[in-house]
Amino acid sequence: MADRSAPLQAQDKLAFLLSLVPFLMEHERISVQDAADHFGVKPQQVREAVQLIAVSGIPGETGQYQHGDLFDLAWDDFEENDQIVLTNLVAIDDAPRFSGREAAALIAGLQYLSALPENADRSAIATLMAKLSRGASALPSQFAVEGSESDETLALIRDSVASGVQVEFDYINSRGEHERRRVDPLRIESMDADWYLRGWCHLREAVRTFRIDRIGNPTVTSEPITTHASDVHLPDTLFEGSADDLVVTIDVAPSAAPLLADYLTDGTGSTLVDGRNRTALRVSHYHGLKRLVGGLPGMVTVVEPPDARRAVADWAAAGAARYGEQIPGAD
């Protein structure tokens, strides 16, 4: 804690003044005592600093100080009630500000972050959102980012990882099959907008990766995990190939190639064909290939085998056909 009896040195006094001005702007009205308590100084030091601020500013075009070139405050309130209210701001108030729309976009992102389980202490985020609201050039739009069932599932599974106990859940695999799984949760990771659980699956007796949004009816058990992260190999990539995988040759735009890194095996090369990288990737089934191609529209072309081309073409044709259906009530 600061020693309130010691006078501020020149360097400390400058730092104090630089911190005091935005602090006063943020609070609009505050007592001298509250400001002193915040900075850990004597009330008299705050009074002297405020008096100095009140004769500070930037001269106008004439090079001399005119009305409006200096900070000002509500002097009666300051002298009679020991309250600090800045009534005129100089230079700082002319700094570029976020528009209402820009502030709203940033606040939306902060609301999403505050909903994530790893951000349990949300006070700092709430303070930042309040500052963005006050500092914007216009009032940000009022909105709320709604939580999802996946957020609740993610929080529950994080608890199971931290507690070292098994978790049970219904799982829909990429083939659309429903199964009840019991898993030793080992690690939670994210890729793009999706979250994944990596753990030892007691049904498969192997390490498996589960997408959080495909998990249903999760239950944290009281059984401690029997397989720990140190007992198995957890690769750096989320997905690993197996002997049952299907090998598919694709042409991919160079800008999208890094997005497919997790689907490529070590040593997989590529050749340039008509401005695109031709390479081979491994997929567990063609349903997963359709999702992969759909996530990179116009960036990926399936070359071979013919079964893979047909599966993707039929899937795309079925989707396009739905746009040709007559919409009820349309002319």
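The values are calculated or read from the model by the stated rules, or taken from the named source; none is laboratory data. Quick caveat: nothing in here was measured; it's all calculated off a predicted structure. A quick note on method: Cβ atoms are made from the backbone with ideal geometry, for glycine too, and the neighbour counts reach across all protein chains shown. Just so you know, the surface numbers come from the protein's heavy atoms only, side chains and all, with ligands and any DNA or RNA stripped out. Shrake-Rupley method; radii C 1.70, N 1.55, O 1.52, S 1.80 Å.
Provide the solvent-accessible area of LYS131, counting protein heavy atoms only and rolling a 1.4 Å probe, rounded to the nearest 10 Å².
Roughly 100 Å² of LYS131 is accessible to a 1.4 Å probe.
Dividing the alpha-carbon radius of gyration of segment 11-51 by 2.2 N^0.38 Å (N being the number of residues), what value is obtained? Please report the intermediate quantities before stating the final value.
Numbers: Rg = 9.2 Å, N = 41, 2.2 N^0.38 = 9.0 Å.
After normalising by residue count via 2.2 N^0.38 Å, the value is 1.02.
At a probe size of 1.4 Å, how large is the accessible area of THR249, to the nearest 10 Å²?
About 30 Å², rounded to the nearest 10.
If each residue of separation counts as 0.36 nm, what is the full-extension length gain between HIS27 and THR221 once their alpha-carbon separation is subtracted?
On the way: separation 194, 0.36 × 194 = 69.84 nm, distance 4.84 nm.
Length gained between HIS27 and THR221: 65.0 nm.
Using the beta-carbon distance between VAL247 and ALA316 and R0 = 25 Å, what value does 1/(1 + (r/R0)^6) give for FRET efficiency, to the nearest 0.05? Let's see the in-between values first.
Values: r = 21 Å, r/R0 = 0.85.
Calculated value: 0.75.
What is the extension gain from LEU128 to GLU152, computed as 0.36 nm multiplied by their sequence separation minus the C-alpha to C-alpha distance, in nm to one decimal? Write down the numbers at each step before the final one.
Working: separation 24, 0.36 × 24 = 8.64 nm, distance 2.44 nm.
So the chain would gain 6.2 nm between LEU128 and GLU152.
Hey, rough spin-label estimate for ASP170 and SER230, points 7 angstrom out along Cα→Cβ, what's it come to in nanometres?
3.8 nm
By a straight-distance test (C-alpha under 17 Å), which lysines pair with LYS42 as possible cross-link partners, with residues fewer than eight away in the same chain excluded?
Within the straight-line limit of under 17 Å, LYS42 reaches these lysines: LYS13.
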